[in-house]
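Q: Mind looking over this structure? Questions follow.
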Amino acid sequence: MSVSAFVMIFLGIVIFSFYLAFECSHPSAGELVIAAQLCALCICVRAVFSFVPYFNPVMALIMLSGLAFGVRKGFLIGSLAAFGSNFIFGQGPWTLYQMVSWGSAGLIFALLGKSGLIRRSGWNLRDYLFACLSAVFTVVFISGPMSDLSGVFMFGVNDMKSFAVLLASGFVLNLTLAASSVLTIVLVSRPLLFAFERASLTSTLPRQ
């Protein structure tokens, strides 16, 4: 079995494990509706802002969704947003990478919220700063490079030098995506988190 095939199988297992955990939590109809709505919102945002050069707020929406609704839903929303939007931008072996990449963004912010490092509502300056720094770190060093690894299939990377060039080529794009996420968090995090909190209260969603 080739390394590429092994990685694909591993990514599939990761995705399946999170989906199984979400299903085993016996989500209510309210949880499913809100998750579906947020997935649709992320898909629409990615599609609409694809016409805007160097700006797309979709990662920030996924991060804030994970922060508000927890680990399982954060990963679910991010991964399904990547899968669904690729019906517009093209499906391929890179889709699994993007699903795990986007899901990890929601997962990381869910863990930050669960640990209390970032509050889920009532942000002060500290929360904004920590959320922005966490967004930059997540996009530039975790989710961004994870998506860039899909180039292994598109460009046939066979050695470490080519692998390093591949990651470096995506670094600038990841920086612009991180800047987009920071700007989105600064501008719309307060109303979005307020809306998410209201949705949690009205639908009695557990943050898991």
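Q: Tell me the mean residue ellipticity at 222 nm calculated for the chain from its helices only (DSSP H runs of n ≥ 4, each -39500 (n - 2.57), averaged over every residue, nearest 500).
A: -26000 deg cm²/dmol
Q: Please report the spacing between the Cα centers of region 1-77 and region 100-171 in Å, no decimals.
A: Going from one Cα centre to the other spans 14 Å.
Q: How much accessible surface does residue 150 have with a 1.4 Å probe, in Å² rounded to 10?
A: Near enough 10 Å² of accessible area.
Q: Over region 85-162, give the accessible area per residue in Å² for a 1.4 Å probe, as an integer.
A: On a per-residue basis, 49 Å².
Q: Further, regarding this structure: Considering the dipole of the chain built from charges on the beta carbon (Lys and Arg +1, Asp and Glu -1) around the Cα centre, which of 70, 53, 82 is farthest to its positive end?
A: Going by the charge dipole, the pick is 70.
Q: Computed from these coordinates, which is Cα Rg over 2.2 N^0.38 Å: (1) 0.95; (2) 1.35; (3) 1.00?
A: Only one listed value fits the structure, namely (3).
Q: How would 6, 49 line up by accessible area, probe 1.4 Å, largest first?
A: Ranking 6, 49 by accessible area, largest first, yields 6, 49.
Q: In nanometres, what is the gap between the two model label sites at residue 24 and residue 51, each 7 Å from Cα along Cα-to-Cβ?
A: The modelled label-to-label distance comes out at 4.5 nm.
Q: Using a 1.4 Å probe, how large is the accessible area of residue 52, given in Å² and rounded to the nearest 10?
A: Surface open to solvent at residue 52 totals about 60 Å².
Q: Can you sort 94, 123 by solvent-accessible area, 1.4 Å probe, largest first?
A: 94, 123
Q: Now for a separate question. In debye to the nearest 20, how big a dipole does the chain give about its Cα centre with +1 on each Lys and Arg Cβ and -1 on each Asp and Glu Cβ?
A: 460
Q: Before anything else, pin down the relative contact order of region 56-208: Cα pairs under 8 Å, at least 6 apart, normalised by residue count, whole percent.
A: In percent, rounded to a whole number, it is 32.
Q: Continuing with this model, one more query. Using a 1.4 Å probe, how large is the accessible area of residue 23, given in Å² and rounded to the nearest 10?
A: 110
Q: Roughly speaking, to the nearest percent, how much of the chain's 1.4 Å accessible area is carbon and sulfur?
A: 74
Q: Calculate, for region 13-70, the solvent-accessible area per residue in square angstrom, rolling a 1.4 angstrom probe over the heavy atoms of the protein chains.
A: I get 47 Å² per residue for this part.
The values are calculated or read from the model by the stated rules, or taken from the named source; none is laboratory data. On a predicted model such as this, the values are computed, not experimentally measured, just so you know. FYI the Cβ positions are ideal-geometry reconstructions off the backbone, even for glycines, and counts take in every protein chain you see. Surface areas here come from the heavy atoms of the whole protein model, side chains and all, with no ligands, DNA or RNA. Shrake-Rupley method; radii C 1.70, N 1.55, O 1.52, S 1.80 Å.
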